[in-house]
1. Name every residue in segment A:187-229 that is on the phi > 0 side of the Ramachandran plot and either crowded, with 20+ Cβ neighbours inside 10 Å or part of a loop (DSSP other than H, G, I, E, B) (or both), in order of residue number.
2. Test of understanding: among A:L357, A:L372, A:L293, which residue is away from every other protein chain (no Cβ under 14 Å) and crowded, with 23+ Cβ neighbours inside 10 Å?
3. Could you tell me how many of the residues in segment A:289-310 are modelled with pLDDT of 95 or more and within 22 Å of the chain's Cα centre (by Cα)?
4. So, in segment B:10-51, exactly how many residues are closer than 20 Å to A:G406 by Cα, out of contact with any Leu (no Cβ under 6 Å at 6 or more places or on another chain), part of a strand (DSSP E or B) and of a type outside the set (K, R)?
5. Show me the helices (runs of 4 or more DSSP H) entirely contained within segment A:42-130 in which 2 or more residues are more than 27 Å from A:S156 (Cα to Cα).
6. Counting only residues that are within 16 Å of ligand 2 (Cβ to nearest atom) and more than 23 Å from the chain's Cα centre (by Cα), give me the helices (runs of 4 or more DSSP H) lying completely in segment A:338-437 with at least 1 of them.
7. Could you tell me whether any residue of segment A:230-237 is crowded, with 20+ Cβ neighbours inside 10 Å, part of a strand (DSSP E or B), among the β-branched types (V, I, T) and touching a strand residue (DSSP E or B) at 6+ places or on another chain (Cβ under 9 Å)?
8. Go through the residues of segment A:277-285 one by one and say whether even a single one is under 19 Å from the mean Cα position of the chain (by Cα), in a helix (DSSP H, G or I) and surrounded by 22 or more Cβ atoms within 10 Å (Cβ to Cβ).
Amino acid sequence: MSGPPRLIAREARARPAADGASRRRPLLEPCDTARSGGQLPRLLAGPPAHGGAETFEQHLARLGHLPRRCPEDIVEMVHQAGLRGRGGSGFPVGRKMAAVADRGGDPLVVVNAAESEPASMKDRLLLRLRPQLLLDGAAVAAAATGAGQAVIYLHSGDDVLASALETALLERTSTPFDDPTFRVAYGPPKFVAGESSAIVSFLEGGLAKPRHAHRSSTSGVDGRPTLIQNAETAAHLALIGRGGPDWFRQAGTSRWPGSVLVTLTGAVASPGQVLELSGPRPTSDLLTDAGRLDRPPQAVLLGGYGGAWVEGERAWDVPIYPDMLADRHLPFGCGLLAVLPHGHCGIAETARLLTYLADESAQQCGACMFGLPRLAETMQRLAAGQASRAELRRFTRRSDSIVGRGACGHPDGAVAMAASALDTFAGDVALHLTGRPCPPHARRGLFPIPSHCPTWR
Amino acid sequence: MTDHLRNPSQGTVVLDPSKCRGHGICSLASRGLIGLDEWGFAELNRLPVEGRSMRLARAAVLACPAKALALELLPEPLLIPGAQPEPPLF
Ligand code: SF4
Ligand code: SF4
């Protein structure tokens, strides 16, 4: 299969000429094409970022119509492509599609564009600049499963994203590839409201809170088999629908085919910058090329706010790709690399993140709603030089008792992130235990934290 | 017919943590088989039980006012005929 030539031909023109220091926020900068085997950009191909969203007309001129295929062929194609979910779980998308399609009934497709990780920007970027890819992906998923309806789910409160999506829907006139009926749903801007069982609950008219042991593919919204796919996954589907599995597999690794999006934040040249990778690249590459760092930072938080801190020197050589990180027992999660500079207190930053995560608990499960605030408190006291060794021991005991006891994975992520902080910043911990806090300038917050939303509807 | 269906003295207590309200009655009813955490919430995830512990577990399930506990009469892991196990991530 030759793949979509237009996609690659456009690349040369779309790419910014050189490492131009003049671009202040190079949000759409794909990583170096030569090093990545001439495969990029894929998702980020097309008109440059400052042009705003690609219109339906431009989208068709660049990529052409989606070819029509029967459901079995689409599922098989996605299978062959080896596409894995980009929302963090990495579940094979073909299997999920097949499960929903086999279930029969009245299936439903949901594209989850509610990017809950505050610092991750990739889904937001796709929605803002390439909304038609997302909608195409929803159409492919609907055709594969026989769904007549597709819901695009996002957090309320971001008017730019909402209008990009609504404009895109209005532009979408007739296609030879039958579109499903699209519906847009705005969930509350809460961290766990993007969890798939929370989406199901919300679409059923309930609160956007997670449910215990819930399987949406067999019994989703109102009992309908429901295929929930992350926005980036949908965008990949749009390209697989055109280029086919062989083309798709030209990027990525054998265990993790296709390109991936990552977000850089924290002490980098442009926090919030999204990069597309077509294969593993060491952290040092990403942070020197795009992040403009010249030496390893103090530490990097990988995978999101429920991810893992890694000491800067160690992170420097780690190849960034989901399978490569999994080999090293590190999370890829939403593809976040949050950089903590030297001279900044990692414990103070962790205390901020942990406090945020505790505030974002859905207040359903005891271990999460009572446990996380206690952990956050201890972390705050530690950062302030007020915690004792006994308190720290209690912290570890509590952490152990919390893990695995939520209806969703929220507390586990928070606990893992906190534990990795105690390891990574062991030196600071020892210092703070002697009663010495970091100076105020080292304690100011670095990573973005959204304001708290009080409602669950 | 598989063994576990002929032998209902084996099972697994499962807690839905989002329903548990921390009444602690399960712990009393099961004479401590089900432990409580420092805030009084049932501290278990999935607990395989059999024989005497199965009887205690059943009492706990019946006593829980929040209906947060359930007894699965299938041994771990939950095997559905014909279903494939979930693939590992890699
Ligand atoms: S674990 Fe926490 S966030 Fe998840 S459902 Fe329970 S209370 Fe909500
Ligand atoms: S009796 Fe029910 S609600 Fe109370 S602690 Fe036990 S499981 Fe939770």
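1. Within segment A:187-229, the subset on the phi > 0 side of the Ramachandran plot is A:205, A:213, A:222-223.
Hits for segment A:187-229 are A:G205, A:A213.
2. Values: A:L372 fails: away from every other protein chain (no Cβ under 14 Å); A:L293 fails: crowded, with 23+ Cβ neighbours inside 10 Å.
After ruling out the rest, the residue left standing is A:L357.
3. Final tally of qualifying residues: 12.
4. Qualifying residue count for the region: 5.
5. Ranges flagged: A:56-63, A:71-81, A:93-103.
6. Filter on segment A:338-437 gives A:366-383, A:389-402.
7. Scanning segment A:230-237, I find no residue that is crowded, with 20+ Cβ neighbours inside 10 Å, part of a strand (DSSP E or B), among the β-branched types (V, I, T) and touching a strand residue (DSSP E or B) at 6+ places or on another chain (Cβ under 9 Å), so the answer is no.
8. The answer is yes; a qualifying residue exists.
The values are calculated or read from the model by the stated rules, or taken from the named source; none is laboratory data. Since the model is a prediction, treat every value here as computed from it, not as a measurement. Positions of Cβ are backbone-derived with ideal geometry, glycine not excepted, and every protein chain shown enters the neighbour counts.
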